[in-house]
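Down below is the structure, laid out as structure tokens.
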Amino acid sequence: MKQKLILIGSGMVGARFIERLLHEAPDTYDIRVFNKEPTGGYNRIMLSPVLSGEKTLPEIMTHDHDWFEERDVHLQASTEVVDVDQHAKTVTTDLGAVYSYDKLVIATGSKPFVIPVSGADLPGVVTFRDTRDVKIMLDVSDADQQQPHKKLSAVVIGGGLLGLEAANGLMIRGMDVTVVHRGDVLMNMQMDAVSGELLQKSLEDKGMKFAMSANTAEILGDTCVTGVKLADGQVLEADLVVMAVGIRPNVGVGNKLGLQLNHGIIVNDQLETSAESIYALGECVEHRGLLYGLVAPLYEQAQVLAETLAGKPSAYQGSFISTKLKVTGISLFSAGEFEDSEDAESLVYQDLSQNIYRKIVLKNNKIQGAVMFGDVTGSNWIFDNLVTQNDMSAYRDTLVFGEGFQPSSDKKAEKEAVA
Ligand SMILES: Cc1cc2nc3c(=O)[nH]c(=O)nc-3n(C[C@H](O)[C@H](O)[C@H](O)COP(=O)(O)OP(=O)(O)OC[C@H]3O[C@@H](n4cnc5c(N)ncnc54)[C@H](O)[C@@H]3O)c2cc1C
């Protein structure tokens, strides 16, 4: 008899987990998957290229119904798990159906945060999380193309990674776009003041407008959105408002189960929650006090949990993360601790006439962080050395440049070896 495993949520990490589990422990579990969205799984990251027109929705589907069927996994899409009973070991769906499990895996991701201002629930106000959001944005921007004499306006609230990708997509679709950002540096989680300014200038050159250090007071409109009022009284016209002001772990199921929670569902190195036979992974979890909002570390979690459930020794020990922006023509890279500090040294190369800025922060000759704009040559190498914490003394002279990472002595030795 196979054990019954239920997965709640087949987003990017849930679907990857199933793939890895089928690989690590084929024929071990009878697997049932519930997903609130109408699909099995798609590449959420690629919603930005869909918005900008570089991809289509069918092209980003990764795990459709056939994928599950071919692997004998029961997928119930468009189905929300609304209740769970830890003692009876059952889940209940929004249709009232009850299913029992031996092992339960929660991968419910995050919910986009919506600023609680008046008008936030008006038609034409969307977040940027799923295919439904993108379809609404595409509908509005398509209407824009059908009225060539009137350029429609979009306001994107939030100048972080997602906000800028949404703004770029809408601009490419022909809309007049203003980004409202609370801080004075764009992508302030990933950029310092200099790189943030270069980023803003590059986007302004493409036609994007900005209201910096600005707070949203109210979203205006009667039957649908017509504008955004800022705290200083300024009113921005808007046919579409995109809220991209951050995400919150979706811990609803964990709450119902009475699991130990902080910001996310707390898990140990084996991705076990505080309850027996219940595991969690992805954006909904908190591991060693950290939450991750990028897929690379979450895919590591998927592998560890697959191995754990295959009975193999495995442990997730946390991850370093790096960021890139998916806006054509803009290269930036950011990882680790890149702000100046008393006990760290900053190596900086900048050529502002060329919009190039590269900064690497070292502590005891080990890379703590890096931020690069305009020229990201060698960023993978920098990131690898950040993760491995290699001693970079031998590379100091050339470290900050795109080329010449190897000290001349190494190069000479390499040339001799090749000869
Ligand atoms: C526009 C956009 C661009 C991004 N770009 C990048 C990028 O460039 N690089 C990067 O690393 N990351 C990027 N991300 C973040 C990345 O997509 C997430 O980190 C990743 O999707 C998290 O995976 P997850 O499986 O934890 O959550 P999700 O992918 O959100 O999946 C969770 C799933 O669970 C379902 N669910 C929730 N509750 C229930 C329930 N009760 N019952 C049934 N189903 C439920 C949801 O419907 C959803 O399908 C981007 C995200 C967005 C939105």
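Computed from the coordinates by the stated procedures, all read-outs in this text should not be read as laboratory data. Quick caveat, the model's predicted, so the values are computed rather than measured. Heads up, the Cβs are rebuilt from the backbone with ideal geometry, glycines too, and the neighbour counts pull from every protein chain shown.
Compute the signed sum of charges (Lys and Arg +1, Asp and Glu -1) over the other residues within less than 13 Å, Cβ to Cβ, of Asn215.
Numbers: positive: Arg182, Lys229; negative: Asp184, Glu218, Asp232.
Computed value for this residue: -1.
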Region 331-400 and region 161-209: distance between their alpha carbon centers, rounded to Å: 23
Under the Karplus curve 6.51 cos²θ - 1.76 cosθ + 1.60, θ = phi - 60°, whole-Hz ³J(HN,Hα) for region 65-73, x wherever Gly or Pro sits: 4, 4, 4, 5, 4, 4, 9, 6, 9
Pairwise centroid distance, computed over Cα atoms, of region 210-250 with region 48-82, Å: 31
Residues whose placed amide H lies under 5 Å from that of Ile265, excluding near-sequence neighbours: Val285, Glu286
Candidates Pro112, Pro38, Pro58, ranked by Gaussian network fluctuation over the chain, Cα under 10 Å, top entry: Pro58
Derived scalar couplings ³J(HN,Hα) [region 358-370; Karplus, 6.51 cos²θ - 1.76 cosθ + 1.60; whole Hz; x for Gly, Pro]: 9, 9, 10, 9, 10, 10, 6, 6, 10, 6, 9, x, 8
Neighbour-limited loop hits for trypsin sites (Lys or Arg not before Pro), region 1-88 (at most 12 other Cβ within 10 Å; DSSP other than H, G, I, E, B): Lys2
When each of Lys256/Lys312; Lys206/Lys324; Lys135/Lys201; Lys324/Lys359 is checked by Cα-Cα distance, pairs over 21 Å: Lys256/Lys312; Lys135/Lys201
Nitroxide proxy distance, nm - points 7 Å out along Cα→Cβ at Thr323 and Gln354: 2.6
Stokes-Einstein D in µm²/s, Kirkwood radius over Cα pairs - the chain at 4 °C with 1.567 mPa s viscosity: 55
Difference of contour (0.36 nm per residue) and Cα-Cα distance, Ala344 to Asp384: 12.5 nm
Gain on full stretching of the segment that runs from Glu54 to Lys201 - 0.36 nm per residue minus C-alpha separation: 50.6 nm
Cut-off under 5 Å, modelled amide H: who pairs with Phe113 long-range: Val245, Gly246, Ile247, Arg248
Helix-only mean residue ellipticity at 222 nm for the chain, each DSSP H run of n ≥ 4 adding -39500 (n - 2.57), per residue, nearest 500: -8000 deg cm²/dmol
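By the scheme Lys and Arg +1, Asp and Glu -1, what is the net charge of all other residues having a beta-carbon under 12 Å from that of Gln200?
Here the charged neighbours net out to -1.
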Contact order normalised by residue count of the chain, Cα under 8 Å, 6+ apart, percent: 14
Net length gained if the chain between Ser78 and Lys111 were fully extended (0.36 nm per residue, minus Cα distance): 10.2 nm
DSSP beta bridges in region 235-358 [antiparallel fraction, %, rounded to 5]: 75
Net charge, Asn268 excluded, C-beta distance under 12 Å - Lys, Arg +1, Asp, Glu -1: -2
Label point 7 Å beyond Cα of Leu294 along Cβ direction - residues of region 329-347 with amide nitrogen under 19 Å: 329-340
Table column - 3J(HN,Hα) (Hz), region 43-59, Karplus curve with 6.51, -1.76, 1.60, x for Gly and Pro: 7, 4, 3, 7, 4, 5, x, 5, 4, 7, x, 7, 9, 10, 4, x, 5
Tyr279 long-range amide H proximity, modeled H, under 5 Å: Leu104, Val105, Ile106, Thr273
Base-10 log of normalised Debye intensity for region 125-243 (one unit scatterer per alpha-carbon) at q = 0.11, 0.22, 0.23 Å⁻¹: -0.34, -1.30, -1.38
